[in-house]
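Structure, as C-alpha cells:
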Amino acid sequence: MINDKAILVGVDGSHASYKATWWAANYAKHAGLTLQIVCAYSLPSYAAVSFDATYTAMGDDNAAHSDAQDILSKAKAIADEQGVEATTLIVTGDPASVFVELSRNYNLIVIGNRGKGGLAERLLGTTSSSLPAYAYCPIVVVPYTDDDGNLMHLNNTITKVAVGSDESKWGLKALEIAAGFADAWDAELDVISAVPKMQGIDAEGSVMDSYMEDLNVRIAPLAEQYPNLKIRRSVVPGPAVGALTKASYDHDVVVVGSRGRGGFTGLLLGSTSQGLLQHAVGPVYVVPRKYVEAAESRLNTVPSSPSEVPTKSLDEISGVEEIAVPTADTEVARNIDATIDPDRQ
C-alpha cells in the first residue's frame with residue numbers, strides 16, 4: 001500500500017539538501033504527515049561527487065556509510081527543530097533508479113536543487129534519468145539560490161500558490177492538486193495559462209478571449225469544490241517557462257505537470273538548463289506522468305482493485321537500508337538553518 005501519510009526527502013550533505021529538509025519538515029508538520037530522510041551515495045564516484053564535507057579513498061564503503069549517517073543526523077536535527085520525528089534511510093547504488101522505485105510508496109518526494117554536483121544533479125541532470133519525469137508520486141524541487149547565487153528565503157506559511165494550466169490530463173491534475181494544496185494552507189491560487197506567440201494573431205483579441213474561456217471552464221469545478229478558495233486567473237502570451245519562472249518570485253510554490261500538450265510541452269522534459277526547475281527561485285511542485293496515469297487507472301477500476309503501480313517494501317528495493325541514527329545537537333541544526341536561510345525569523 002502507498003503510505004499517503006509519509007513524505008521522503010533526499011539529502012547529500014549539501015546546504016541545498018538541508019534546505020529541502022527544512023521545507024519538507026515544515027510541510028509535514030502542517031499537513032500532519034510523517035517524514036523519512038534518505039541519504040544516497042554511489043561508491044565509484046563517491047570521492048568526487050557524493051558528499052560535500054569529506055573525501056575518501058575510492059571504494060571505502062565504511063567511510064561513506066559513516067558520512068551518510070552523519071549527514072542523516074544533521075538532517076534529522078533540522079526536522080526535530082520543526083517538531084517532526086523522522087526516520088532515516090541509506091541508499092547505495094544509482095540514486096535515480098532507486099528514487100523512482102521508492103516513489104511508489106510515498107505521498108511526496110522533496111529534493112534540493114543547487115545546480116551542479118551532488119544528488120540534485122544526478123536526479124535532475126538528464127531527461128533520461130530525471131526523477132520528475134519518471135516518478136510515481138509528486139516531486140517538490142526546492143532551490144537553494146537564484147541564478148545570481150543569492151540565497152532564497154522560504155516562508156514558514158504558504159500564502160500564494162501558482163499553477164500552470166493547460167487542457168492535458170497532466171495539466172488538469174496539476175490544477176486539481178494546486179487547488180487542494182492552496183486550500184489546505186488557506187492560500188491564494190493563481191492559475192496561469194500560456195498562449196504561444198503566433199505571427200498575424202492579435203494576442204489581445206479573440207485568441208486571448210478563447211484561452212480565458214477555456215481556463216474558466218477548467219476552474220469552475222474547483223471553485224465549486226473549494227468555495228472559500230481565492231482563485232485568480234491569467235492568460236499570458238509567450239513561453240510557459242518564462243511565465244512560471246516569473247511567478248516563482250512572488251509565490252511560495254509553483255505547481256506544474258511534467259507531461260503536457262499545448263502550452264506546457266517540454267516545460268520540464270527539455271533542456272534542464274533552460275527549464276523551470278533550473279531558474280525558479282521558489283519550490284516547484286511537479287506532477288509526474290506516471291502519477292497521473294496511476295490515478296487514472298484507479299478511477300477506471302472497481303474500488304477494490306489494486307492500482308497498476310504496485311508498491312514495494314524496502315526489502316524489495318536493492319540498495320535501501322533503514323537505519324537508526326542519533327539526532328545531531330540542536331545547536332548544529334540552528335547553525336545550519338542560519339546558514340541556509342539567514343532571513344528566517
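The values are calculated or read from the model by the stated rules, or taken from the named source; none is laboratory data. Quick caveat: nothing in here was measured; it's all calculated off a predicted structure. Glycine gets a Cβ as well: all are built from the backbone with ideal geometry, and neighbour counts include every protein chain shown.
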Report summary line: Counting only residues in the range 168-203 that are in contact with a Leu (Cβ under 7 Å, 6 or more places away or on another chain) and either of a type in the set (G, A, S) or at pLDDT below 85 (or both), the one farthest from V140 (Cα to Cα) is identified as S193
Query raised in the report: Going by the conditions given, is N216 assigned by TED's automatic domain parsing to the domain that holds G164, outside any helix (DSSP H, G or I) and either more than 25 Å from the chain's Cα centre (by Cα) or more than 24 Å from P283 (Cβ to Cβ) (or both)?
Result: no
Report task. Say whether the condition of being of a type in the set (A, V, I, L, M, F, W, C), outside any helix (DSSP H, G or I) and at pLDDT below 90 is met by at least one residue in the range 147-156. Result -> yes
Report summary line: Counted residues in the range 205-228 being free of Cβ contacts under 8 Å to residues at least 24 places away in the same chain and exposed (fewer than 12 other Cβ atoms within 10 Å of the Cβ) come to 8
Query raised in the report: D4 is checked against (1) in contact with a strand residue (DSSP E or B) (Cβ under 6 Å, 6 or more places away or on another chain); (2) crowded, with 17+ Cβ neighbours inside 10 Å; (3) modelled with pLDDT under 90 and fails just one. What number does that condition carry?
Result: (2)
Query raised in the report: Going by the conditions given, is A40 modelled with pLDDT under 90, buried (at least 23 other Cβ atoms within 10 Å of the Cβ) and either assigned to a helix (DSSP H, G or I) or touching a strand residue (DSSP E or B) at 6+ places or on another chain (Cβ under 9 Å) (or both)?
Result: yes
Requested in this report: Answer yes or no as to whether V236 is among the aliphatic types (A, V, I, L, M) and modelled with pLDDT under 90.
Outcome: yes
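Condition check ((1) over 21 Å from the mean Cα position of the chain (by Cα); (2) at pLDDT below 90; (3) not acidic (D, E)) across all residues:
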{"position": "M58", "(1), (2), (3)": "yes, yes, yes"}
{"position": "A63", "(1), (2), (3)": "yes, yes, yes"}
{"position": "D70", "(1), (2), (3)": "yes, no, no"}
{"position": "A75", "(1), (2), (3)": "no, no, yes"}
{"position": "A79", "(1), (2), (3)": "no, no, yes"}
{"position": "I90", "(1), (2), (3)": "no, no, yes"}
{"position": "G93", "(1), (2), (3)": "yes, yes, yes"}
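A quick yes/no check of all residues on (1) touching an Asp or Glu at 6+ places or on another chain (Cβ under 7 Å); (2) crowded, with 18+ Cβ neighbours inside 10 Å; (3) among the hydroxyl-bearing types (S, T, Y):
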residue	(1), (2), (3)
G149	no, no, no
H153	yes, no, no
N156	no, no, no
V161	yes, yes, no
S168	no, yes, yes
G171	no, yes, no
E176	no, yes, no
A184	no, no, no
